[in-house]
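Everything below concerns the one structure shown next.
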Amino acid sequence: MRLLRVDEDEYLSVVFLADRHTMQSPTQALLALTTVWEDEGDLDPVHYQELIESPEPRGFRAAPAAVHAVHANVTLGNMGFAEFAAAASAQPDQVLRPI
């Protein structure tokens, strides 16, 4: 999935979408998607192979109360998108909740 309008904003690093799953879920967890795509053209062959074998996560579910923390920390560079995705995937329902 590519969000064309998002590509125009160089400062936007994460977006939150309310999809069918959000509306039907009791937690109403939003889909968090990264807008940052690594340019694979300039990578050395070893790093490129690592990227192929274990790509960075592109999305995860976040409870509405966790959205602000994700946005603020990713934007400021305090935490990476992958760190939040890992925290979400560690939860039984794979939904990130406020820390």
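The values are calculated or read from the model by the stated rules, or taken from the named source; none is laboratory data. Just so we're clear, the structure is a prediction, and the values are computed from it rather than from any experiment. Because the Cβ atoms are built from the backbone with ideal geometry, glycine has one as well, and the counts that use them run over all protein chains shown.
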> Within the set of pairs 6 or more residues apart or between chains, which connect a residue that is more than 12 Å from Ala85 (Cβ to Cβ) inside the stretch 24-39 to a residue that is among the β-branched types (Val, Ile, Thr) and modelled with pLDDT under 90 with Cβ atoms less than 6 Å apart?
Replying inline: Thr35/Val6
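Would you mind stating whether Arg2 is of a type in the set (Lys, Arg), modelled with pLDDT under 90 and loosely packed, with under 11 Cβ neighbours inside 10 Å? Can you show your working first?
Working: of a type in the set (Lys, Arg): yes; modelled with pLDDT under 90: yes; loosely packed, with under 11 Cβ neighbours inside 10 Å: yes.
In short, yes.
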>> For the stretch 60-77, give me each residue that is at pLDDT below 95 and assigned to a loop (DSSP other than H, G, I, E, B).
In response: Gly77
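Is at least one residue of the stretch 26-38 modelled with pLDDT of 70 or more, of a type in the set (Ser, Thr, Tyr), part of a helix (DSSP H, G or I) and surrounded by 12 or more Cβ atoms within 10 Å (Cβ to Cβ)? Give the derivation first.
The initial filter retains those residues of the stretch 26-38 that are modelled with pLDDT of 70 or more, namely 26-36.
From what's left, of a type in the set (Ser, Thr, Tyr): 27, 34-35.
Imposing the further condition that a residue be part of a helix (DSSP H, G or I) reduces the set to none.
So far as the stretch 26-38 goes, no, none of its residues is modelled with pLDDT of 70 or more, of a type in the set (Ser, Thr, Tyr), part of a helix (DSSP H, G or I) and surrounded by 12 or more Cβ atoms within 10 Å (Cβ to Cβ).
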> What residue, among those in the stretch 5-23 that are at pLDDT 90 or above and more than 18 Å from Ala85 (Cβ to Cβ), is nearest to the chain's Cα centre (by Cα)?
Replying inline: Ala18
